[in-house]
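Below is one structure, written out as structure tokens; comments come after it.
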Amino acid sequence: MIFLRWLTLVAAAIVFASLAGALLAGSLAWLDLPLVRLAARARGDGLTTVMAAVTWCGNGPTLTGVAVCAVLLLVALRQRVPALYVAAASAGAGALNSLLKLAFSRPRPVLLAHLTEVGGYSFPSGHAMAGAAIYGALAVVAALRFPRQRPWVVAPCAMLVLAIGTSRVYLGVHYPSDVLAGWALGVAWPLWLQPLLLSRSSVGERASA
């Protein structure tokens with residue numbers, strides 16, 4: 001598992017660095033344009049309703065509520081170290097995303113009509129990054145607590161994170177490269193924090209009253 005974690009971290013770093021470099025060089029059209037055209041062809045009233053609901057799972061208030069409820073529940077269960085881990089993963093992802101958006105200052109795409117209200121810069125996607133970080137951190141905690149149920153925990157979280165990112169492209173408010181960069185950092189951040197704040201022995205232990 002240690003090897004897999006480091007492999008994922010290295011791969012995520014390479015993906016983000018490659019996308020960031022291509023963005024600065026103005027050479028992301030080969031990736032973005034075909035996928036945006038595909039999203040345009042897929043648009044329909046029913047799918048738009050579904051995508052709007054999916055993207056809601058990754059917006060700021062929703063993710064904040066999920067993180068706060070998870071932290072409070074873990075504290076109530078005397079899981080203080082996992083609670084700190086989830087809080088750090090959530091807050092850190094939000095702060096890092098805000099800094100990166102300002103650093104790259106990529107305007108929102110204008111290739112498709114926006115089907116949802118949005119503001120600020122585009123790269124990397126906050127929905128994709130924060131969703132991957134928060135739902136990923138919760139998956140890590142649950143997988144360590146219930147190792148035999150790991151596939152049943154990780155798979156739904158991964159599917160939700162993928163759906164959230166896809167919804168941002170479909171709704172016209174992000175380029176695919178924004179979403180890929182968000183996913184890369186969102187996955188890497190909780191994995192990087194894990195050995196610093198969390199271990200299997202720290203999950204499931206009850207602190208003394």
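The values are calculated or read from the model by the stated rules, or taken from the named source; none is laboratory data. Being a predicted model, the structure only gives us computed values, none of them experimental. Positions of Cβ are backbone-derived with ideal geometry, glycine not excepted, and every protein chain shown enters the neighbour counts.
Couple of notes before you dig in:
- Residue match in the stretch 149-172 (condition: out of contact with any Phe, Trp or Tyr (no Cβ under 7 Å at 6 or more places or on another chain), over 25 Å from ALA42 (Cα atoms) and surrounded by 22 or more Cβ atoms within 10 Å (Cβ to Cβ)): no
- Members of the stretch 116-135 found to be modelled with pLDDT of 95 or more and either farther than 20 Å from GLY65 by Cβ or charged (D, E, K, R) (or both), listed by number: TYR121, SER122, PHE123, PRO124
- From the options SER98, SER122, residue that is among the small types (Gly, Ala, Ser) and touching a Phe, Trp or Tyr at 6+ places or on another chain (Cβ under 9 Å): SER122
- Single unsatisfied condition, LEU115 versus (1) closer than 16 Å to TRP189 by Cβ; (2) touching a residue at least 40 places away in the same chain (Cβ under 8 Å): (1)
Matching residues to (1) surrounded by fewer than 17 Cβ atoms within 10 Å (Cβ to Cβ); (2) assigned to a helix (DSSP H, G or I); (3) touching a residue at least 60 places away in the same chain (Cβ under 8 Å):
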{"site": "LEU7", "(1), (2), (3)": "yes, yes, no"}
{"site": "VAL10", "(1), (2), (3)": "yes, yes, no"}
{"site": "VAL15", "(1), (2), (3)": "no, yes, yes"}
{"site": "SER18", "(1), (2), (3)": "yes, yes, no"}
{"site": "PRO34", "(1), (2), (3)": "yes, yes, no"}
{"site": "ALA40", "(1), (2), (3)": "yes, yes, yes"}
{"site": "THR49", "(1), (2), (3)": "yes, yes, no"}
{"site": "ALA53", "(1), (2), (3)": "yes, yes, no"}
{"site": "VAL66", "(1), (2), (3)": "no, yes, yes"}
